Amino acid sequence: MYMAVSGCPKPNENHATCCIQFAFAILRKINESFPSVSVSIGINSGSFVAGIVGHVKFCYDTFGDTVNL
């Protein structure tokens, strides 16, 4: 499973459009490269919290209902 975030950390008025365009680009690429593979893409919109996780190996992560749904 992969997750992409649009409009973070730099706000973007067109974040929803960018997200949809990215989803269609991913679907096109997968259909070209692996025509027998089925892919599901879910899109959600809303607020969330983002931050650094870890003490030794740092990782940028997102949290909240928008992420979990």
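Given the condition open to solvent by less than 80 Å² (accessible area, probe 1.4 Å) and not in a helix (DSSP H, G or I), answer yes or no: does some residue in the stretch 8-23 qualify? Steps first, answer last, please.
The first filter runs over the stretch 8-23 and keeps only residues open to solvent by less than 80 Å² (accessible area, probe 1.4 Å), leaving 8, 12, 15-20, 23.
Retained after the next criterion (residues that are not in a helix (DSSP H, G or I)): 8, 12.
Taking every residue of the stretch 8-23 in turn, at least one turns out to be open to solvent by less than 80 Å² (accessible area, probe 1.4 Å) and not in a helix (DSSP H, G or I).
If you take the residues in the stretch 46-65 that are among the charged types (D, E, K, R) and not in a helix (DSSP H, G or I), which one is modelled with the highest pLDDT?
Step one: filter the stretch 46-65 for residues among the charged types (D, E, K, R), giving 57, 61, 65.
The next check asks that each one be not in a helix (DSSP H, G or I); those that pass are 57, 61.
Details: Lys57: 83, Asp61: 78.
Checking each candidate, the answer is Lys57.
When residues of the stretch 46-57 are filtered for being out of contact with any Pro (no Cβ under 9 Å at 6 or more places or on another chain) and open to solvent by less than 90 Å² (accessible area, probe 1.4 Å), how many remain? Let's see the steps before the verdict.
Going through the stretch 46-57, the residues out of contact with any Pro (no Cβ under 9 Å at 6 or more places or on another chain) turn out to be 46-49, 51-57.
Next, only the ones that are open to solvent by less than 90 Å² (accessible area, probe 1.4 Å) stay: 46, 48, 51, 53-54.
Total meeting the criteria: 5.
Among the numbered criteria (1) exposed (fewer than 12 other Cβ atoms within 10 Å of the Cβ); (2) part of a strand (DSSP E or B); (3) touching a Cys at 6+ places or on another chain (Cβ under 7 Å), which single criterion is violated by Ile43?
(2) is the only condition that Ile43 fails.
Is it the case, given these coordinates, that Leu27 is on the phi < 0 side of the Ramachandran plot, out of contact with any helix residue (DSSP H, G or I) (no Cβ under 6 Å at 6 or more places or on another chain) and open to solvent by less than 60 Å² (accessible area, probe 1.4 Å)? Break it down stepwise before answering.
Values: on the phi < 0 side of the Ramachandran plot: yes; out of contact with any helix residue (DSSP H, G or I) (no Cβ under 6 Å at 6 or more places or on another chain): yes; open to solvent by less than 60 Å² (accessible area, probe 1.4 Å): yes.
Criteria met by Leu27.
The values are calculated or read from the model by the stated rules, or taken from the named source; none is laboratory data. Everything numeric in this text was worked out from a predicted model, so none of it was measured. Positions of Cβ are backbone-derived with ideal geometry, glycine not excepted, and every protein chain shown enters the neighbour counts. Note: areas computed on protein heavy atoms with side chains; ligands, DNA, RNA excluded. Shrake-Rupley method; radii C 1.70, N 1.55, O 1.52, S 1.80 Å.
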